[in-house]
């Protein structure tokens, strides 16, 4: 988007100021905002989806929401989470998918008993 806006601005400045100059400026601002602000932020507890201006639009908790990855897409409580793939860096999106899969796998496996619990249960 930034490259296209620079092209539009260059052509409009070469041919003379017109409506394309205004369009190029708007696209340049939007393109810079996409480069500066993250589309999502996640940690061990939650996933936050952000809008273009950096405000949190949606929050998903790994504790209360059942999150899973199917066919490279993220689902929370059976509904697809819409994340614009063309805005994201592929490696960052893959890291997010790996993080969600590791959290969903750890939530599904029952906690293991410690050695003390096994010994205590065997003695009784």
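The values are calculated or read from the model by the stated rules, or taken from the named source; none is laboratory data. Keep in mind that what you see is a predicted model, and the values were worked out from it rather than measured. Note: ideal-geometry Cβ built from the backbone for every residue, glycine included; neighbour counts use all protein chains shown.
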Qualifying positions in the range 60-94 - within 12 Å of the chain's Cα centre (by Cα) and part of a loop (DSSP other than H, G, I, E, B):
81, 82, 83, 84, 85, 86, 87, 88, 89
Across the range 1-17, what is the number of residues that are surrounded by 12 or more Cβ atoms within 10 Å (Cβ to Cβ) and in a helix (DSSP H, G or I)?
10
Any residue at all in the range 10-25 that's in contact with a helix residue (DSSP H, G or I) (Cβ under 6 Å, 6 or more places away or on another chain) and assigned by TED's automatic domain parsing to the domain that holds residue 101?
no
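Okay, residues lined up against (1) modelled with pLDDT of 80 or more; (2) in the same structural domain as residue 42 (by TED's automatic domain parsing); (3) in contact with a helix residue (DSSP H, G or I) (Cβ under 7 Å, 6 or more places away or on another chain); (4) surrounded by 11 or more Cβ atoms within 10 Å (Cβ to Cβ):
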| site | (1), (2), (3), (4) |
| --- | --- |
| 76 | yes, yes, no, yes |
| 82 | yes, yes, no, no |
| 100 | yes, yes, no, yes |
| 124 | no, no, no, no |
Pull up the range 18-59, narrow it to residues that are in a loop (DSSP other than H, G, I, E, B) and modelled with pLDDT under 85, then point me to the one that is surrounded by the most Cβ atoms within 10 Å (Cβ to Cβ).
39
